[in-house]
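The values are calculated or read from the model by the stated rules, or taken from the named source; none is laboratory data. In this text, all values refer to a predicted model and were calculated from it rather than measured experimentally. With ideal geometry, Cβ positions are generated from the backbone for all residues, glycine too; neighbour counts draw on all protein chains shown. When the accessible area is computed, the model is the full protein with side chains, heavy atoms only, and any ligands, DNA or RNA have been set aside. Shrake-Rupley method; radii C 1.70, N 1.55, O 1.52, S 1.80 Å.
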Amino acid sequence: MKEKPSGTSRGQFSNVGFILAAAGSAIGLGNLWKFPYLTGSNGGGIFVLVYLVILVTIGFACGLAEMALGKHTKLNPVGAFRTISKKWAIAGFLGILIPFFISTYYVVIGGWITDYLFHFIGSGASAMAPDTEAYFNALISDPIRPLLWTCVFVAINLVIVSVGIKNGIERANKVMMPALFVLLIVMAIRACTLPGAMDGIRFFLQPDFKSLSMDTVAAALVQVFFSLSLGTGCTLTYASYLPKETDLVRNALIVPALDSTVALLAGFVTLPAVFAFGFAPEAGPGLIFITLPAIFNAMPFGNILGFLFFLLIMFAALTSSVALLEPPIAWLIDTFRVPRKRATIGMCLASLLVAVPVSLSNGPNGWQIGGRSFFDFVIHITEDLMIPISALLLCLLVGYVWKRDSVRQEISQGGMYSFRVESVWYVLLRYVAPPAIFFVWLTSSGIL
Ligand code: PHE
(Lines give C-alpha, C1' and ligand atoms only; values in the text may rest on other atoms or scores of the structure.)
Protein backbone atom coordinates (compact mmCIF):
# COMPACT_ATOMS: atom_id res chain seq x y z
CA MET A 1 0.00 0.00 0.00
CA LYS A 2 1.40 3.33 -1.00
CA GLU A 3 1.10 5.98 1.59
CA LYS A 4 -0.37 9.39 0.93
CA PRO A 5 1.44 11.36 3.59
CA SER A 6 -0.86 14.31 3.80
CA GLY A 7 -4.08 12.39 3.24
CA THR A 8 -6.11 10.35 5.63
CA SER A 9 -4.72 6.94 4.60
CA ARG A 10 -3.20 5.04 7.51
CA GLY A 11 0.13 4.06 5.98
CA GLN A 12 2.17 0.93 6.61
CA PHE A 13 5.54 -0.11 8.00
CA SER A 14 7.83 -2.71 6.51
CA ASN A 15 8.58 -5.35 9.14
CA VAL A 16 12.11 -4.07 9.70
CA GLY A 17 10.66 -0.59 9.86
CA PHE A 18 8.25 -1.74 12.53
CA ILE A 19 10.96 -3.35 14.64
CA LEU A 20 13.07 -0.22 14.44
CA ALA A 21 10.15 2.05 15.19
CA ALA A 22 8.85 -0.12 18.04
CA ALA A 23 12.37 -0.34 19.46
CA GLY A 24 12.66 3.42 18.90
CA SER A 25 9.46 3.94 20.85
CA ALA A 26 10.62 1.64 23.64
CA ILE A 27 14.18 2.94 23.85
CA GLY A 28 14.07 6.42 25.26
CA LEU A 29 14.48 8.46 28.39
CA GLY A 30 13.17 5.43 30.26
CA ASN A 31 16.34 3.52 29.41
CA LEU A 32 18.96 6.25 29.41
CA TRP A 33 17.71 8.54 32.13
CA LYS A 34 15.38 6.53 34.35
CA PHE A 35 16.84 3.03 34.37
CA PRO A 36 20.27 4.08 35.73
CA TYR A 37 18.81 6.28 38.47
CA LEU A 38 16.16 3.74 39.44
CA THR A 39 18.88 1.11 39.66
CA GLY A 40 20.95 3.51 41.74
CA SER A 41 18.18 4.30 44.17
CA ASN A 42 16.72 0.77 44.40
CA GLY A 43 19.76 -1.15 45.54
CA GLY A 44 21.64 -1.85 42.29
CA GLY A 45 21.82 -5.46 41.07
CA ILE A 46 18.64 -6.60 42.82
CA PHE A 47 16.58 -4.05 40.89
CA VAL A 48 18.19 -5.17 37.62
CA LEU A 49 17.37 -8.80 38.39
CA VAL A 50 13.71 -8.15 39.28
CA TYR A 51 13.39 -5.91 36.24
CA LEU A 52 14.69 -8.62 33.90
CA VAL A 53 12.44 -11.32 35.40
CA ILE A 54 9.36 -9.12 34.95
CA LEU A 55 10.49 -8.17 31.45
CA VAL A 56 10.72 -11.74 30.12
CA THR A 57 7.43 -12.84 31.73
CA ILE A 58 4.82 -10.11 32.07
CA GLY A 59 6.56 -7.74 29.66
CA PHE A 60 6.70 -10.36 26.91
CA ALA A 61 3.10 -11.50 27.51
CA CYS A 62 1.64 -7.99 27.39
CA GLY A 63 3.82 -6.98 24.45
CA LEU A 64 2.64 -9.88 22.31
CA ALA A 65 -0.98 -9.22 23.32
CA GLU A 66 -0.74 -5.56 22.38
CA MET A 67 0.94 -6.27 19.06
CA ALA A 68 -1.63 -8.95 18.16
CA LEU A 69 -4.53 -6.65 18.98
CA GLY A 70 -3.13 -3.77 16.95
CA LYS A 71 -2.21 -5.85 13.94
CA HIS A 72 -5.54 -7.69 13.94
CA THR A 73 -7.74 -4.61 14.11
CA LYS A 74 -5.54 -2.18 12.12
CA LEU A 75 -6.92 0.59 14.30
CA ASN A 76 -6.08 3.04 17.07
CA PRO A 77 -6.58 1.85 20.70
CA VAL A 78 -10.23 2.91 20.97
CA GLY A 79 -11.15 1.30 17.65
CA ALA A 80 -9.13 -1.81 18.50
CA PHE A 81 -10.83 -2.38 21.85
CA ARG A 82 -14.23 -1.68 20.27
CA THR A 83 -13.61 -4.23 17.51
CA ILE A 84 -13.17 -7.03 20.05
CA SER A 85 -16.06 -5.88 22.25
CA LYS A 86 -18.22 -2.75 22.02
CA LYS A 87 -18.38 -2.50 25.80
CA TRP A 88 -14.60 -2.25 26.04
CA ALA A 89 -14.22 0.77 23.74
CA ILE A 90 -14.09 3.07 26.75
CA ALA A 91 -11.01 1.23 28.07
CA GLY A 92 -9.28 1.99 24.77
CA PHE A 93 -9.42 5.70 25.58
CA LEU A 94 -6.68 5.13 28.11
CA GLY A 95 -4.49 4.36 25.10
CA ILE A 96 -5.15 7.88 23.80
CA LEU A 97 -4.96 9.78 27.08
CA ILE A 98 -1.85 8.12 28.50
CA PRO A 99 0.51 8.86 25.59
CA PHE A 100 -0.83 12.38 25.43
CA PHE A 101 -0.10 13.03 29.11
CA ILE A 102 3.30 11.35 28.91
CA SER A 103 4.13 13.56 25.96
CA THR A 104 3.49 16.69 28.04
CA TYR A 105 6.41 16.00 30.38
CA TYR A 106 8.45 14.03 27.87
CA VAL A 107 8.81 17.13 25.70
CA VAL A 108 9.85 19.18 28.73
CA ILE A 109 12.66 16.73 29.52
CA GLY A 110 13.40 16.69 25.78
CA GLY A 111 13.80 20.46 26.10
CA TRP A 112 16.36 20.08 28.93
CA ILE A 113 18.30 17.64 26.77
CA THR A 114 18.25 20.06 23.85
CA ASP A 115 19.61 22.75 26.19
CA TYR A 116 22.44 20.47 27.35
CA LEU A 117 23.24 19.44 23.81
CA PHE A 118 23.63 23.02 22.66
CA HIS A 119 25.56 23.82 25.80
CA PHE A 120 28.08 21.13 25.01
CA ILE A 121 28.42 22.46 21.46
CA GLY A 122 28.93 25.99 22.80
CA SER A 123 30.95 26.23 25.95
CA GLY A 124 31.24 22.59 26.99
CA ALA A 125 30.91 21.04 30.42
CA SER A 126 33.28 23.52 32.01
CA ALA A 127 30.57 26.19 31.94
CA MET A 128 28.24 23.93 33.94
CA ALA A 129 30.94 22.92 36.40
CA PRO A 130 31.91 23.37 39.18
CA ASP A 131 28.29 23.41 40.29
CA THR A 132 26.35 21.26 37.86
CA GLU A 133 23.50 21.00 40.34
CA ALA A 134 23.08 24.77 40.38
CA TYR A 135 23.14 24.77 36.58
CA PHE A 136 20.43 22.10 36.36
CA ASN A 137 18.22 23.71 39.00
CA ALA A 138 18.56 27.12 37.39
CA LEU A 139 17.57 25.62 34.03
CA ILE A 140 14.47 23.73 35.15
CA SER A 141 13.17 26.49 37.39
CA ASP A 142 13.60 29.20 34.78
CA PRO A 143 10.19 30.25 33.46
CA ILE A 144 11.27 30.82 29.85
CA ARG A 145 14.45 28.96 28.89
CA PRO A 146 13.27 25.34 29.22
CA LEU A 147 10.07 26.19 27.37
CA LEU A 148 11.97 27.64 24.44
CA TRP A 149 14.01 24.45 24.17
CA THR A 150 10.83 22.43 24.52
CA CYS A 151 9.46 24.30 21.49
CA VAL A 152 12.60 23.37 19.52
CA PHE A 153 12.17 19.74 20.55
CA VAL A 154 8.49 19.70 19.58
CA ALA A 155 9.25 21.34 16.24
CA ILE A 156 11.60 18.46 15.35
CA ASN A 157 8.85 16.00 16.29
CA LEU A 158 6.39 17.87 14.15
CA VAL A 159 8.57 17.56 11.09
CA ILE A 160 9.13 13.81 11.56
CA VAL A 161 5.54 12.87 12.33
CA SER A 162 3.78 14.99 9.77
CA VAL A 163 5.74 13.37 6.94
CA GLY A 164 4.09 10.06 7.79
CA ILE A 165 4.71 6.45 8.73
CA LYS A 166 7.12 5.28 6.11
CA ASN A 167 8.90 8.44 5.05
CA GLY A 168 8.99 10.13 8.44
CA ILE A 169 8.92 7.77 11.38
CA GLU A 170 10.47 4.75 9.67
CA ARG A 171 13.25 6.69 8.00
CA ALA A 172 14.12 8.67 11.13
CA ASN A 173 14.35 5.46 13.14
CA LYS A 174 16.50 3.70 10.56
CA VAL A 175 19.17 6.35 10.96
CA MET A 176 18.86 7.17 14.63
CA MET A 177 18.58 3.73 16.19
CA PRO A 178 21.81 2.19 14.80
CA ALA A 179 23.70 5.42 15.57
CA LEU A 180 22.50 5.20 19.14
CA PHE A 181 23.75 1.64 19.57
CA VAL A 182 27.21 2.45 18.25
CA LEU A 183 27.57 5.56 20.43
CA LEU A 184 26.38 3.73 23.51
CA ILE A 185 28.84 0.87 23.07
CA VAL A 186 31.74 3.29 22.66
CA MET A 187 30.66 5.18 25.77
CA ALA A 188 30.23 2.00 27.81
CA ILE A 189 33.75 0.83 26.94
CA ARG A 190 35.11 4.22 27.95
CA ALA A 191 33.23 4.24 31.27
CA CYS A 192 34.07 0.65 32.21
CA THR A 193 37.79 1.21 31.67
CA LEU A 194 37.99 4.21 34.01
CA PRO A 195 40.07 3.61 37.12
CA GLY A 196 37.70 2.60 39.92
CA ALA A 197 34.93 1.56 37.53
CA MET A 198 34.88 -1.97 38.94
CA ASP A 199 32.91 -0.93 42.05
CA GLY A 200 30.20 0.46 39.83
CA ILE A 201 30.07 -2.69 37.73
CA ARG A 202 29.79 -4.78 40.89
CA PHE A 203 27.00 -2.57 42.27
CA PHE A 204 25.17 -2.90 38.95
CA LEU A 205 25.48 -6.65 38.55
CA GLN A 206 25.59 -8.15 42.04
CA PRO A 207 22.11 -8.56 43.51
CA ASP A 208 21.85 -7.92 47.21
CA PHE A 209 18.74 -9.85 48.26
CA LYS A 210 18.52 -7.99 51.55
CA SER A 211 17.35 -4.87 49.73
CA LEU A 212 14.48 -6.67 47.97
CA SER A 213 11.15 -5.08 48.91
CA MET A 214 7.66 -4.61 47.52
CA ASP A 215 8.70 -1.11 46.49
CA THR A 216 11.55 -2.54 44.40
CA VAL A 217 9.12 -4.89 42.65
CA ALA A 218 6.60 -2.10 42.06
CA ALA A 219 9.27 0.25 40.70
CA ALA A 220 10.55 -2.51 38.39
CA LEU A 221 7.12 -3.39 37.02
CA VAL A 222 6.16 0.23 36.37
CA GLN A 223 9.52 0.69 34.68
CA VAL A 224 9.04 -2.40 32.45
CA PHE A 225 5.74 -1.03 31.14
CA PHE A 226 7.03 2.49 30.67
CA SER A 227 10.25 1.36 29.07
CA LEU A 228 8.58 -1.09 26.67
CA SER A 229 5.86 1.52 25.93
CA LEU A 230 3.26 -1.06 27.00
CA GLY A 231 -0.22 -0.29 28.23
CA THR A 232 0.15 3.10 26.58
CA GLY A 233 -1.48 2.42 23.23
CA CYS A 234 1.78 3.13 21.38
CA THR A 235 2.82 -0.45 20.67
CA LEU A 236 -0.75 -1.26 19.67
CA THR A 237 -0.92 1.66 17.27
CA TYR A 238 2.46 0.92 15.68
CA ALA A 239 1.40 -2.72 15.27
CA SER A 240 -1.70 -1.53 13.44
CA TYR A 241 0.62 -0.45 10.62
CA LEU A 242 2.15 -3.92 10.25
CA PRO A 243 1.85 -5.90 7.04
CA LYS A 244 -0.21 -9.11 7.27
CA GLU A 245 2.77 -11.43 6.93
CA THR A 246 4.56 -10.71 10.19
CA ASP A 247 5.94 -13.05 12.79
CA LEU A 248 4.57 -11.39 15.92
CA VAL A 249 6.19 -13.73 18.43
CA ARG A 250 9.59 -12.93 16.98
CA ASN A 251 8.85 -9.20 17.10
CA ALA A 252 7.62 -9.49 20.68
CA LEU A 253 10.98 -11.03 21.59
CA ILE A 254 13.24 -8.74 19.56
CA VAL A 255 11.83 -5.43 20.83
CA PRO A 256 12.29 -6.15 24.58
CA ALA A 257 15.70 -7.67 23.83
CA LEU A 258 16.85 -4.46 22.13
CA ASP A 259 15.24 -2.32 24.80
CA SER A 260 16.85 -4.11 27.71
CA THR A 261 20.21 -4.20 25.94
CA VAL A 262 20.13 -0.41 25.73
CA ALA A 263 19.03 -0.08 29.36
CA LEU A 264 21.88 -2.33 30.47
CA LEU A 265 24.36 -0.44 28.29
CA ALA A 266 23.14 2.81 29.84
CA GLY A 267 23.81 1.26 33.23
CA PHE A 268 27.31 0.34 32.09
CA VAL A 269 27.89 3.93 30.97
CA THR A 270 26.46 5.65 34.01
CA LEU A 271 27.14 3.63 37.13
CA PRO A 272 30.84 2.80 36.62
CA ALA A 273 31.46 6.49 35.87
CA VAL A 274 29.52 7.54 38.97
CA PHE A 275 31.60 5.21 41.15
CA ALA A 276 34.89 6.05 39.45
CA PHE A 277 34.37 9.74 40.27
CA GLY A 278 33.08 9.12 43.80
CA PHE A 279 29.49 10.30 43.31
CA ALA A 280 26.46 8.75 45.02
CA PRO A 281 24.47 6.35 42.83
CA GLU A 282 21.24 7.33 44.64
CA ALA A 283 21.29 10.83 43.15
CA GLY A 284 17.84 10.24 41.63
CA PRO A 285 16.40 11.99 38.56
CA GLY A 286 19.32 14.41 38.42
CA LEU A 287 21.79 11.61 37.79
CA ILE A 288 22.39 12.26 34.11
CA PHE A 289 21.87 16.01 34.32
CA ILE A 290 23.92 16.74 37.43
CA THR A 291 26.35 13.90 38.00
CA LEU A 292 27.29 13.12 34.42
CA PRO A 293 28.25 16.65 33.30
CA ALA A 294 30.52 16.86 36.36
CA ILE A 295 32.09 13.60 35.28
CA PHE A 296 32.49 14.73 31.67
CA ASN A 297 34.15 17.88 32.92
CA ALA A 298 36.72 15.84 34.80
CA MET A 299 37.42 13.48 31.88
CA PRO A 300 39.84 13.84 29.01
CA PHE A 301 37.80 14.61 25.87
CA GLY A 302 34.87 15.19 28.21
CA ASN A 303 33.28 17.82 26.01
CA ILE A 304 33.16 15.59 22.98
CA LEU A 305 31.92 12.65 25.01
CA GLY A 306 29.33 14.81 26.72
CA PHE A 307 28.11 16.14 23.42
CA LEU A 308 27.88 12.60 21.99
CA PHE A 309 26.06 11.34 25.06
CA PHE A 310 23.41 14.04 24.97
CA LEU A 311 23.07 13.64 21.21
CA LEU A 312 22.34 10.00 21.78
CA ILE A 313 19.76 10.74 24.46
CA MET A 314 18.21 13.24 22.09
CA PHE A 315 17.88 10.56 19.38
CA ALA A 316 16.33 8.15 21.83
CA ALA A 317 13.95 10.77 23.20
CA LEU A 318 12.85 11.81 19.72
CA THR A 319 12.02 8.31 18.53
CA SER A 320 9.92 7.88 21.69
CA SER A 321 8.14 11.21 21.63
CA VAL A 322 7.22 10.61 18.01
CA ALA A 323 5.61 7.33 19.16
CA LEU A 324 3.75 9.13 21.93
CA LEU A 325 2.02 11.39 19.44
CA GLU A 326 0.92 8.52 17.23
CA PRO A 327 -2.07 6.96 19.10
CA PRO A 328 -4.00 10.24 19.40
CA ILE A 329 -3.10 11.10 15.81
CA ALA A 330 -4.21 7.66 14.57
CA TRP A 331 -7.44 8.10 16.51
CA LEU A 332 -8.11 11.47 14.86
CA ILE A 333 -7.34 10.03 11.44
CA ASP A 334 -9.34 6.80 11.88
CA THR A 335 -12.37 8.32 13.55
CA PHE A 336 -12.67 11.81 12.18
CA ARG A 337 -10.72 11.51 8.92
CA VAL A 338 -8.53 14.42 9.96
CA PRO A 339 -5.57 14.73 7.55
CA ARG A 340 -2.29 13.56 9.14
CA LYS A 341 -0.59 16.97 8.94
CA ARG A 342 -3.46 18.73 10.64
CA ALA A 343 -3.79 16.03 13.32
CA THR A 344 -0.06 16.26 14.02
CA ILE A 345 -0.04 20.02 14.37
CA GLY A 346 -3.09 19.85 16.64
CA MET A 347 -1.52 17.24 18.89
CA CYS A 348 1.81 19.05 19.10
CA LEU A 349 0.08 22.28 20.07
CA ALA A 350 -2.10 20.55 22.67
CA SER A 351 0.93 18.84 24.13
CA LEU A 352 2.86 22.12 24.24
CA LEU A 353 -0.04 23.85 25.94
CA VAL A 354 -0.07 21.39 28.84
CA ALA A 355 3.75 21.36 28.83
CA VAL A 356 3.71 25.03 29.87
CA PRO A 357 2.30 24.48 33.41
CA VAL A 358 4.25 21.21 33.62
CA SER A 359 7.53 23.05 33.01
CA LEU A 360 6.60 26.08 35.12
CA SER A 361 5.79 23.85 38.08
CA ASN A 362 9.51 23.16 38.51
CA GLY A 363 9.99 26.82 39.30
CA PRO A 364 9.69 28.52 42.70
CA ASN A 365 6.04 29.52 42.31
CA GLY A 366 5.00 26.44 40.39
CA TRP A 367 1.66 24.71 40.58
CA GLN A 368 1.52 22.08 43.32
CA ILE A 369 -1.03 19.29 43.66
CA GLY A 370 -1.18 17.17 46.79
CA GLY A 371 2.35 18.12 47.82
CA ARG A 372 3.81 17.32 44.38
CA SER A 373 4.76 19.70 41.62
CA PHE A 374 2.40 19.45 38.64
CA PHE A 375 5.35 17.89 36.77
CA ASP A 376 5.65 15.05 39.33
CA PHE A 377 1.88 14.79 39.58
CA VAL A 378 1.44 14.09 35.85
CA ILE A 379 4.25 11.52 35.99
CA HIS A 380 2.65 9.83 39.01
CA ILE A 381 -0.86 9.75 37.52
CA THR A 382 0.25 8.33 34.18
CA GLU A 383 3.02 5.93 35.14
CA ASP A 384 1.93 4.68 38.55
CA LEU A 385 -1.83 4.77 38.15
CA MET A 386 -3.01 4.81 34.53
CA ILE A 387 -0.48 2.57 32.77
CA PRO A 388 -0.94 -0.42 35.12
CA ILE A 389 -4.74 -0.17 34.81
CA SER A 390 -4.55 0.09 31.05
CA ALA A 391 -2.14 -2.89 30.88
CA LEU A 392 -4.43 -4.89 33.17
CA LEU A 393 -7.44 -4.21 30.96
CA LEU A 394 -5.44 -5.18 27.89
CA CYS A 395 -4.53 -8.54 29.48
CA LEU A 396 -8.16 -9.18 30.38
CA LEU A 397 -9.45 -8.23 26.93
CA VAL A 398 -6.96 -10.35 25.01
CA GLY A 399 -6.83 -13.17 27.58
CA TYR A 400 -10.55 -13.59 28.27
CA VAL A 401 -12.73 -11.65 25.81
CA TRP A 402 -11.03 -12.08 22.44
CA LYS A 403 -11.72 -15.58 21.09
CA ARG A 404 -8.70 -17.82 21.49
CA ASP A 405 -9.01 -19.26 17.95
CA SER A 406 -8.94 -15.81 16.47
CA VAL A 407 -5.93 -14.84 18.59
CA ARG A 408 -4.09 -17.98 17.50
CA GLN A 409 -4.99 -17.33 13.86
CA GLU A 410 -3.65 -13.77 14.13
CA ILE A 411 -0.38 -14.68 15.81
CA SER A 412 0.42 -17.80 13.80
CA GLN A 413 -1.16 -16.54 10.58
CA GLY A 414 -2.92 -19.87 10.11
CA GLY A 415 0.17 -21.91 10.98
CA MET A 416 2.61 -19.90 8.87
CA TYR A 417 4.55 -18.88 12.00
CA SER A 418 5.39 -21.02 15.00
CA PHE A 419 3.33 -20.27 18.09
CA ARG A 420 4.82 -22.89 20.40
CA VAL A 421 4.68 -20.54 23.34
CA GLU A 422 0.89 -20.36 23.12
CA SER A 423 0.04 -22.17 26.36
CA VAL A 424 2.77 -20.49 28.39
CA TRP A 425 1.70 -17.13 27.00
CA TYR A 426 -1.93 -17.74 27.90
CA VAL A 427 -1.04 -18.72 31.45
CA LEU A 428 1.04 -15.54 31.80
CA LEU A 429 -1.65 -13.36 30.26
CA ARG A 430 -4.60 -14.81 32.17
CA TYR A 431 -3.28 -15.88 35.54
CA VAL A 432 0.10 -14.27 36.20
CA ALA A 433 0.03 -10.75 34.76
CA PRO A 434 -3.41 -9.53 35.99
CA PRO A 435 -2.99 -10.32 39.70
CA ALA A 436 0.65 -9.18 39.64
CA ILE A 437 -0.23 -5.90 37.97
CA PHE A 438 -3.15 -5.33 40.32
CA PHE A 439 -1.04 -5.99 43.38
CA VAL A 440 1.68 -3.68 42.19
CA TRP A 441 -0.91 -1.05 41.34
CA LEU A 442 -2.06 -1.12 44.96
CA THR A 443 1.53 -0.38 45.99
CA SER A 444 2.39 2.17 43.34
CA SER A 445 -0.85 4.08 43.83
CA GLY A 446 -0.10 4.34 47.55
CA ILE A 447 -3.19 2.30 48.60
CA LEU A 448 -1.07 -0.46 50.17
N1 PHE B 1 9.41 3.81 26.32
C2 PHE B 1 9.81 5.17 26.29
C3 PHE B 1 11.05 5.36 27.14
O4 PHE B 1 11.56 4.45 27.71
C5 PHE B 1 8.75 6.11 26.74
C6 PHE B 1 7.45 5.85 26.12
C7 PHE B 1 6.42 5.43 26.91
C8 PHE B 1 7.29 5.98 24.75
C9 PHE B 1 5.22 5.14 26.33
C10 PHE B 1 6.09 5.69 24.18
C11 PHE B 1 5.06 5.25 24.99
O12 PHE B 1 11.52 6.45 27.28
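May I ask you to give the percent of accessible area on the chain that is carbon plus sulfur, with a probe radius of 1.4 Å?
Ligands and nucleic acids excluded, carbon and sulfur give 69 percent.
Search the structure for amide H atoms under 5 Å from the amide H of ASP142, placed 1.01 Å from N in the peptide plane, and list their residues when 5 or more places away or on another chain.
none
Among THR39, VAL432, GLY70, which residue has its Cα furthest toward the positive end of the charge dipole of the chain, with +1 on Lys/Arg Cβ and -1 on Asp/Glu Cβ?
GLY70
Counting each DSSP H run of 4 or more residues in the chain as -39500 (n - 2.57), what helix-only mean residue ellipticity at 222 nm follows after dividing by all residues, to the nearest 500 deg cm²/dmol?
-21500 deg cm²/dmol
Taking Rh as the Kirkwood radius computed over C-alpha pairs, what is the Stokes-Einstein D of the chain at 37 °C in a medium of viscosity 0.692 mPa s, expressed in µm² per second?
Stokes-Einstein gives a translational diffusion coefficient of 150 µm²/s.
Note down the relative contact order for the range 14-139 as a percent, whole number, built from C-alpha pairs under 8 angstrom at least six residues apart.
9 percent
Run the numbers on the chain and let me know its relative contact order in percent, using alpha-carbon pairs under 8 Å that are six or more apart.
Relative contact order for the chain comes out at 34 percent.
How do 237-249, 332-344, 100-112 rank on mean C-beta neighbours within 10 Å, highest first?
My ranking of the peptides, most packed first, is 100-112, 237-249, 332-344.
Would you mind putting 289-300, 167-178, 363-374 in packing order, based on average other-beta-carbon counts within 10 Å, highest first?
The most tightly packed comes first, giving 289-300, 167-178, 363-374.
Return the long-range amide H neighbours of ILE369 (sequence gap of 5 or more, or a different chain), with a cut-off of under 5 Å between placed amide H atoms.
PHE374
Counting alpha carbon pairs within less than 8 Å and at least 6 residues apart, what relative contact order, in whole percent, applies to the range 313-397?
14 percent.
At 1.4 Å probe size, what's the solvent-accessible area of VAL424? Round to the nearest 10 Å².
Using a 1.4 Å probe on the heavy atoms, I get roughly 90 Å².
Tally Lys and Arg at +1 and Asp and Glu at -1 over the other residues with C-beta under 14 Å from the C-beta of GLY45: what net charge comes out?
Net local charge, GLY45 excluded: 0.
What angle do you read, to the nearest 10 degrees and between 0 and 90, between the alpha-carbon axis of helix 45-54 and the longest principal axis of the chain?
10 degrees
What lysines sit close enough to LYS403 to cross-link, taking a C-alpha to C-alpha distance under 26 Å and skipping anything fewer than 8 places away on the same chain?
LYS71, LYS74, LYS86, LYS87, LYS244
Let me test this: with uniform point scatterers at the alpha carbons of the range 175-236, what is the Debye-based log₁₀ I(q)/I(0) at q = 0.15 1/Å?
At q = 0.15 Å⁻¹ the computed log10 ratios are -0.81.
Tilt of helix 214-227 relative to the longest C-alpha principal axis of the chain, in degrees (0 to 90, nearest 10)?
The angle comes out at about 70 degrees.
Given labels modelled 7 Å from the Cα in the Cβ direction, how far is it in nm from ILE121 to SER445?
Roughly 4.5 nm, to one decimal.
Let me know the Kirkwood hydrodynamic radius for the range 165-207, please, with Cα pairs as the basis and the value in Å to one decimal.
12.6 Å
When N is the residue count of the range 1-119, what does its C-alpha Rg come to as a fraction of 2.2 N^0.38 Å?
So the range 1-119 has a normalised radius of gyration of 1.31.
Can you tell me the accessible area per residue over the range 398-440, all protein chains present, probe 1.4 angstrom, in square angstrom?
On a per-residue basis, the range 398-440 sits at 53 Å².
Between beta-carbons, use under 12 Å as the cut-off and find the net charge around GLU383, counting Lys and Arg +1, Asp and Glu -1.
Result for the local shell: -1.
How large is the direction-averaged shadow of the alpha-carbon convex hull of the range 335-448, in nm²?
Its Cα hull, projected and averaged over all orientations, spans 11.1 nm².
Given a Förster distance of 22 Å, report the FRET efficiency between GLN409 and VAL56 from their Cβ-Cβ distance, rounded to the nearest 0.05.
The formula returns an efficiency of 0.30 here.
Please report how far the C-alpha centroid of the range 93-112 lies from that of the range 113-141, rounded to the nearest whole angstrom.
What the calculation gives is 24 Å, centre to centre.
To the nearest 10 degrees, how steeply does helix 94-122 sit against the main Cα axis of the chain, on a 0 to 90 scale?
30 degrees
How much space per residue, in cubic angstrom, does the convex hull of the C-alpha atoms of the range 183-295 take up?
Considering the Cα atoms of the range 183-295, their hull volume per residue is 145 Å³.
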